[in-house]
Every structure is written in structure tokens, then in C-alpha cells.
Amino acid sequence: MTTGLFGRVLLFVLAAGTALTPIGAGAEDIRSPTVHVIQGGTLRVLGTGAARPLVLTVPQQATATQIAPPAPALQPLESPRPTVGGLSDTPTGVVVEPEPITPVQAPTAVATTALPDLPGPATAEGAAREPISASIRAVLTALQSAEGATARRRAAAVSAFYAERADLPAWVVDGAFTTTAEAIATRLRQADADGLDPALLAIPDLATEGPAGGMGMAERDVALSLAIVTFAEQASGGRVEPGRISPNITRKTARMDAATALRQVATALDPAAALDGFNPPHAAFAALREALAAVRARGEPEAHPEPIAEGPALKPGMRDVRVATLRARLGLVETGTATDAPTITDADLYDPAVVEAVKAYQQKAGIIPDGIIGPRTLAVLNGVDRDEEGEILANMEMWRWMPRDLGRDHVLVNVPEYMVRVVRDGVEIHAARVVVGTVKNQTPIFSDEMEYLVVNPYWNVPESIKVKEMLPEIQANPAAYFQRHGYEVLFDGQLVDPSRVIWDENAVKAVHIRQVPGEANALGNIKFMFPNQHAVYLHDTPSRKLFNRTTRAFSHGCVRVDEPLEFARAVLQGEPQWTAEKVQALYGGDERRLDLDRHLKVHIGYFTAWVDNAGTLQLRDDLYGHAGKVKAALGL
């Protein structure tokens, strides 16, 4: 390889936003079950197809080795550190891809018969293969200068992939790209339908003739492999590292292992389907993907509807000039051609027909369907120009952060929707309203497992609440305050008379304050425990009126559940010892812990856009601003 030829080696894809950037290589062990036959001392590639054994046929001495492709591997990101702006680790740029601090472990090596030493290009076929193999070696050598963990990880996977092939091309046979390569490139160019950016994959043009010596073909062969790896990682784990959006998002994102991804695509009967499989497997993600296509196909509206003017809340029976605009917005205006429009006797009257239409609209929009057009309903009615495409893309990205296996049985809380759902055997069996944390005291976004319930719980007051909220009132009259709220003071496990404490910040931090079980207890009659780093849980509450609000962000971070006994019934389904009736019979007694024989996965999610069971795209306010930050990180 000459210096001039080496200098022409370019890499196409290693990290988001990189194209035609010189990079370097690492090493990772990848076993590729591509079928080869050695004839006349020359290694001949028969092609790639379904997963099958690697058969090496050597004249006069046949040797066969069978390699079983390992199962797909998804690796969690431990304390991820993003690569921003291409291959650099500088904190600038738009797309932030998850990447681990520790090196990615290579797949376990599989025992194999060593490939015989290949003679030089003694035949015409061997001589024809040598230039492109040498060019591929030059490209792989250039990979050694890659910057950033993401780039190095991808370089290692691709370099090992070709090392197992003796630096022969993966996607070229007889001097031309295979139909498999063309199918892969075509599917990758459709990545925008998956909510990704095809430009960040730097997909090579397989139809373009390369320069003399096969250098251009070698670059494109490696570039296609890199595009596959990049797509697999972005489709499975996202482009944005969750912790960069908020410290309250503590998911350990799983992404497809690069080596496994290459192996799966290279051996797939249907490579496009293999690429599809890297996306989240959830039905909710697939529904958003379809909604994205529908929104893009619809395009921008030709005319924007007239907004409804602000003013006092509209209540049934009122007469207001804004009602006429409201009728138009809801499609209730009588026209000369309409046959189903109601006869309007007073366009300004907020009559029963309009009230029912408003209630139906509120129900779909996640608003309490009371027929009253207050600020919230008015804002939603006037919010028809909301960025639907951007919201869908941001939520597709957030679905990539979710565990790929939610569990056939699980609990899902959607914070912006203020709802919790219980799913059994893949079917929703219960849904209830919830109260979540305020913007200041946000409910964290994570997944864990419910292990037990506590009936008649004490409420152990967190230190932040003791210092910031309780201390001033305690100092005014300690004895009265503790008696009025049913609190107890403990020091080293012993009850202490609050009137004998000199209350300051040091004192309130040193003691333990808890609220005794009872009707006034902040946790109500029951709490549902899934021990986690945030010390949050789901629980009952005596403050029932808050569930009638449309916006229900009032807690300190825990999730308050409406109809807790019915929620308990759904959670306890299949438990051999406990039922909702047995739990209710314990109300009013001492604190009691009820362990679950079958732990239940709990997912606290954050989705501002989803498709409901009727096929309607639902949008909700970005309560904590997470979706907006994701859109900004994606450059939307």
C-alpha cells in the first residue's frame, strides 16, 4: 500500500453527524457466519444469507467449523457520557449519543478451526481480490485514529468484523455490491420514518463508480457496515443520553451491541426486517411511527382556524359572542350543504349540543369533561398549531430509553397524563388518575419492581420537608403543631416530647418525625413499595379533591393514586395470600407489611404524545420540560 493510496482512505460513519472524517480502529471479536469456499488455494466468498455454519472446503483436506450466532445482546449504559458534534467529546453540538465510560465487552469467543494460511494472489481471481482487500485494510488502519468512546466502539466492532473475513468485503461479490447490500442501503435511507436522521448515518452511494484500484468500493463497503452499526445503536438506545435531559431521569438505556447488530444483518434472510428489529418493540412506539407518517403526509394546513378569544369561563347556559367561534371550531356550524348539522336558534348560546361537544373534546384531550371552558380548555382549543411532528419525534426518542421488555404484567405511570395503568398478560385491566410531583419537586423517571405493600403506614417525613416547610410552624408552637397533625418525634428510636426540644435546623435534622397511621395520614391507608434510589412510591391520600383537577402536579415527588383499593385489587391479582378485601379488612389497625410473592415491574414514564385505543393522537403539556429539551437536543 503506497502512502498516496493510504492517504485516500476515508471513513464514512462512526458517530452522529460525521461524514468523510479520517478515523482509527480498535479490536473486538466478531464471528461472521458468511459462507466461504477455498478452491485452488484462493478463498472464494459464496455470499451471505441465513444464519448457517461457516464451511471451509480445502482441496484434499476438508475442514468444517460450525459457528452458532449468539443471541441478541442489549448492553446497559453505565453512567453514560455523550459524544457531541461528530467524533469530538467537546460539549457542543446537537445530537448527544449514549456511550459508556468503560469499554464495551466483546462477545464471548466461539471455538473455531483456524483458517489455513492463504497463498498470495497466484491465480487471476486471487490477484483481482488483493486490491480491494488491501484497500479495506487501509480503511481499517485509518480507524485507529477515532476520537470518542462511541467512535472507538463502532470502529472496534467493524474492524473485528472484517478481521474475521480476512479483510474481504462484506457486501461485494464479483466486483459489485450484492442485492443484500442494496436492500440494507435502501432501508437505512428510510430511517427518517423511524424518527432518526439518515444524514447522520452517512449511507454510501453503492451505485457510484469508485476510483481505480478498488479504493472507492472498499470505503463504501466499510461505510455500509458503519452505517448499520450506527443505525442499530441509535434505533435501540436513542441519540440523546437521558441524564443530559434531567438528573431526575435515571434510566439505564439499553442499546444494541454493535458486533451483534452486524452479525444479525449480515446473516439475515431479510436484512430490512433485521434493521426494523433494532427499534423499540413496543406497540406504543409503532403507533407513534404510524402517526408520524400520517402527520407528514398531511402537511401544513392551508388556513389556521380563528382563535377563541380569552375571557371569563364559559359555563352551560351562558350567552357569549365567543360561542359562535366555539361552534365553528367544533364543527357545529350549520352550512347550506350539511345535512347533519343542528339547527342553530341562538349562535351565542352555550346550549346542550355545544356542551356535549365540548365534553367529548375534553375527554379526548385528557381534561376533566365538565363542559366548562376555563383557561386550560381554551388553551387546548387554541393549540391546534402545536408541533405535532416534533412532539412525536421527541416521544419516540424517549421510548428508546424504556426497557425493551416492559413485562407481560406491569404498572405504567405516565406523568404528563396524570394516569396510572395496570397491565396483566399484555392487557390493560385498570386505569386511575394520579397526582404527581410539582415542577419544583419532580416525580423521577425510572423503572423498578414492586415488592410489597404497607397497610396503615406511618409517614416518615423527608428531611427537605422538615427543614423547608415544617420548621417555622414547629418553632411557633411545637406541642400544638405535633398534636394537630398527628406527628411523633423520635431520637435514636425513642419517642421524644416535642415541647422539650429547642427547635432549630440542627435539631430538626437530628430527629426523626413521622405521622401516625389514620385518616389524616398523608399516605392514606396504603402505600405500594418498589424500593429505589429516589425513595418514591405510589400511595393513597386523604386529599381526594385534587383528583378532580385537570392538572394534578401537587406532590413532593411520590405518586398519589385515586381509588387505591381498586388499584390494589389489580396489583394483587394472582397473589395466593392477599386480596383487596383482605387488605381493606386491615384498615385502621397497626402498620402491616404485605410482601408480594410475584414482584411487579413498575415504569414511571414521561410521554407527552401517544396514540390512544381509538387511533387518535393525544398530546399533553410538557409539565417538566423534558420533551422540549429532547427536541432541542435533536435539533428540532
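Couple of notes before you dig in:
- Rolling a 1.4 Å probe over the heavy atoms of the protein chains gives segment 500-548 an accessible area of 50 Å² per residue.
- Förster radius 56 Å - calculated FRET efficiency between Tyr587 and Leu636 (Cβ-Cβ, nearest 0.05): 0.70
- Per residue, segment 583-636 exposes an accessible area of 49 Å² to a 1.4 Å probe, with every protein chain left in place.
- Taking the centroid of alpha carbons for each part, segment 480-536 and segment 598-617 are 34 Å apart.
- The alpha-carbon atoms of segment 173-321 define a convex hull whose volume equals 216 cubic angstrom per residue.
- Chain lengthening between Ala510 and Arg424 when straightened (0.36 nm per residue, less Cα-Cα): 26.6 nm
- In this rough spin-label picture, where each label sits 7 Å from Cα along the Cβ direction, the Asp387-Asp192 distance is 1.7 nm.
- Relative to the current alpha-carbon distance between Asn548 and Lys364, full extension at 0.36 nm per residue lengthens the span by 64.6 nm.
- 20 Å Cα-Cα threshold exceeded, pairs from Lys252/Lys440; Lys601/Lys629; Lys440/Lys466: Lys252/Lys440; Lys601/Lys629
- Under 5 Å from the amide H of Ser555 lie the amide H atoms of Val436, Gly437, Thr438, each residue being 5 or more positions distant or on a separate chain, with H modelled from the backbone and absent for Pro and chain starts.
- The mean accessible area for residues of segment 179-305, using a 1.4 Å probe and ignoring ligands and nucleic acids, is 37 Å² per residue.
The values are calculated or read from the model by the stated rules, or taken from the named source; none is laboratory data. Treat the numbers as computed from the prediction; the structure is a model and nothing was measured. No Cβ is skipped: glycine too gets one built from the backbone with ideal geometry, and neighbour counts run over all protein chains shown. All accessible areas refer to the heavy atoms of the entire protein, side chains included, with ligands and DNA or RNA removed. Shrake-Rupley method; radii C 1.70, N 1.55, O 1.52, S 1.80 Å.
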